[in-house]
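The structure under discussion appears below in the form of structure tokens.
The values are calculated or read from the model by the stated rules, or taken from the named source; none is laboratory data. Computed from a prediction, not measured in an experiment: that's the story for all the values here. Note that each Cβ is placed from the backbone with ideal geometry, even for glycine, and that neighbours are counted across all protein chains shown.
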Amino acid sequence: MADAADDPRAAPFTYRTAMDHGTSAVVTVAGELDVVTSPRLEAALLELVEGGIRRLVLDVRGLTFVDSTGLRGLVMVMRARDDMELVLRSVPERLGTLLSITGLDAVFTLE
């Protein structure tokens, strides 16, 4: 599959990482997290985890859409290490509803 940045089907999607205290990072995500863009974010987050990040905060206030592959990617990142915390910060109402319906609101730490 082509990188989301090169895929003509890709909706606008960006992420930015800021390191915080050595073993934690804040990643700000915006746009649509879907079948096209999710693999790119998942790979970037797994790279952070493999690099020693133990607390990963995703600021998701800029997400406008999340599908099941986006949720799957977040779960896969969370399961990458037993000693890792994945926090979803500033969850938009639609995403909060989706997390509640799927039961993932009890799995992720929500801020």
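Observations on the structure shown:
- All positions within segment 47-71 that are buried (at least 17 other Cβ atoms within 10 Å of the Cβ), outside any loop (DSSP other than H, G, I, E, B) and either in contact with a Gly (Cβ under 6 Å, 6 or more places away or on another chain) or of a type in the set (A, V, I, L, M, F, W, C) (or both): Leu48, Val49, Leu56, Val57, Leu58, Val60, Leu63, Val66, Leu71
- In segment 15-33, residue modelled with the highest pLDDT [restricted to those that are loosely packed, with under 12 Cβ neighbours inside 10 Å and not hydrophobic (A, V, I, L, M, F, W, C)]: Arg16
- Residue that is crowded, with 19+ Cβ neighbours inside 10 Å, touching an Asp or Glu at 6+ places or on another chain (Cβ under 6 Å) and not in a strand (DSSP E or B), where the choices are Leu74, Leu99: Leu99
- If you go through segment 59-111 and pick out every residue that is without any contact (Cβ under 8 Å) to a residue 24 or more places away in the chain and closer than 22 Å to Thr23 by Cβ, you end up with 3.
- Residues located in segment 38-58, provided they are under 14 Å from Arg16 (Cα atoms), touching a helix residue (DSSP H, G or I) at 6+ places or on another chain (Cβ under 7 Å) and not basic (Lys, Arg): Leu41, Glu42, Leu45, Leu56
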